[in-house]
Amino acid sequence: RPALDPTMSRRLHDRLDEALESCMPPELGPAPVVVTKDRLTQVLTCEAHHVASQFGERRPSQAIACGALIDSLFRQLVVTGHIDDPMADGLAALTLDDHQRALVEWINQLPPPQRSELAMEVERQAAGLVARWPALSPEWLPRTQEPIKASLAGGRVLLSALIDLAVGRPAVDHASVGIVELKSGKRRAEHRADLHF
């Protein structure tokens, strides 16, 4: 594991601070601008769409539902080592998350053919996860949905993310944590921007 260069880290942080300070309008007020990968992707894809969609809120769709279910199943697989009934397990997990209430209602109201199609895709992707994903040793300290935040520009900008999987014990003097970002469905250009963020 490479040793960290504290001067390089500080220099990069200073460059980001300076660049952001130079473009932050004073009328934004004291509340920080919160930047997430979804919000950043929407702005980079289409700023008008980003404004119209209320800054990061997404309408339910088959792809979003499948992605949320697979995220839940990935957490289950990392923690328990198995997936029993992909659709039922995924929905049970989403039901526990208040932020997913609208999506769960949308899934529950799908007509039988669309719900069956969603279930088949979730089962296909879950089978791929089980076949390809290794069991993780508890010594690796695996953590799913790990929140990370970075404050920039004197606290006026907050970078915020949820990491699908983090492994390794945090350390100060060397790189010690590996980060995994899980994607479901077909490869898309915005996936690369997510990883960069």
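When you go through (1) surrounded by 14 or more Cβ atoms within 10 Å (Cβ to Cβ); (2) hydrophobic (A, V, I, L, M, F, W, C); (3) part of a helix (DSSP H, G or I); (4) at pLDDT below 95 one by one for residue 131, which number turns out not to apply?
(1)
Here is a check on your reading of the model: is residue 89 at pLDDT 90 or above, of a type in the set (Asp, Glu), within 16 Å of the chain's Cα centre (by Cα) and in a helix (DSSP H, G or I)?
It is false that residue 89 is at pLDDT 90 or above, of a type in the set (Asp, Glu), within 16 Å of the chain's Cα centre (by Cα) and in a helix (DSSP H, G or I).
Is it true that residue 172 is in contact with a Ser or Thr (Cβ under 8 Å, 6 or more places away or on another chain), open to solvent by 30 Å² or more (accessible area, probe 1.4 Å) and touching a residue at least 24 places away in the same chain (Cβ under 8 Å)?
Details: in contact with a Ser or Thr (Cβ under 8 Å, 6 or more places away or on another chain): no; open to solvent by 30 Å² or more (accessible area, probe 1.4 Å): yes; touching a residue at least 24 places away in the same chain (Cβ under 8 Å): yes.
So residue 172 fails the test.
Conditions first: (1) loosely packed, with under 13 Cβ neighbours inside 10 Å; (2) assigned to a strand (DSSP E or B); (3) acidic (Asp, Glu). Residue 139 passes all but one, so which condition is the exception?
Looking at each condition in turn, residue 139 falls short on (2).
Restricted to the stretch 6-29, and to residues that are in a loop (DSSP other than H, G, I, E, B) and free of Cβ contacts under 8 Å to residues at least 12 places away in the same chain, which residue is most open to solvent (accessible area, probe 1.4 Å)? Please lay out each step first, then the result.
Keep residues of the stretch 6-29 that are in a loop (DSSP other than H, G, I, E, B), which gives 24-25, 29.
Remaining after also requiring free of Cβ contacts under 8 Å to residues at least 12 places away in the same chain: 25, 29.
Details: 25: 47, 29: 31 Å².
Taking the candidates together, the pick is 25.
Within the stretch 43-80, track down each residue that is modelled with pLDDT under 75 and either surrounded by 18 or more Cβ atoms within 10 Å (Cβ to Cβ) or closer than 14 Å to residue 125 by Cβ (or both).
Residue satisfying the conditions is 50 alone.
Looking at 118, 158, 195, which one is part of a helix (DSSP H, G or I) and more than 24 Å from residue 87 (Cβ to Cβ)? Write out each step before concluding.
On the way: 118 fails: more than 24 Å from residue 87 (Cβ to Cβ); 158 fails: part of a helix (DSSP H, G or I).
That would be 195, the only listed residue that is part of a helix (DSSP H, G or I) and more than 24 Å from residue 87 (Cβ to Cβ).
Could you list, in sequence order, all residues of the stretch 144-157 that are open to solvent by 40 Å² or more (accessible area, probe 1.4 Å) and either in contact with a Pro (Cβ under 7 Å, 6 or more places away or on another chain) or among the charged types (D, E, K, R) (or both)?
Selection gives 146, 149, 156.
Taking the residues in the stretch 149-166 that are farther than 30 Å from residue 119 by Cβ and among the aliphatic types (A, V, I, L, M) as candidates, determine which candidate is farthest from the chain's Cα centre (by Cα).
Of the residues in the stretch 149-166, the ones farther than 30 Å from residue 119 by Cβ are 149-160.
Remaining after also requiring among the aliphatic types (A, V, I, L, M): 150, 152-153, 157-159.
Values: 150: 15, 152: 20, 153: 23, 157: 19, 158: 16, 159: 13 Å.
Step by step, filter the stretch 149-166, then rank; the result is 153.
Show the residue pairs meeting these rules: Cβ distance below 6 Å; 6+ apart or different chains; first residue within the stretch 74-102 and farther than 20 Å from residue 115 by Cα and among the hydrophobic types (A, V, I, L, M, F, W, C); second residue modelled with pLDDT of 95 or more and open to solvent by 70 Å² or more (accessible area, probe 1.4 Å).
Listed by first residue and then by second, the contacts come to nothing, as the list is empty.
The values are calculated or read from the model by the stated rules, or taken from the named source; none is laboratory data. Bear in mind that the values here come from a model prediction, so they are computed numbers and not experimental data. Ideal geometry is used to build each Cβ from the backbone, glycine not excepted, and the neighbour counts take in all protein chains shown. Accessible surface is based on the protein model in full, side chains and every heavy atom, while ligands, DNA and RNA are left aside. Shrake-Rupley method; radii C 1.70, N 1.55, O 1.52, S 1.80 Å.
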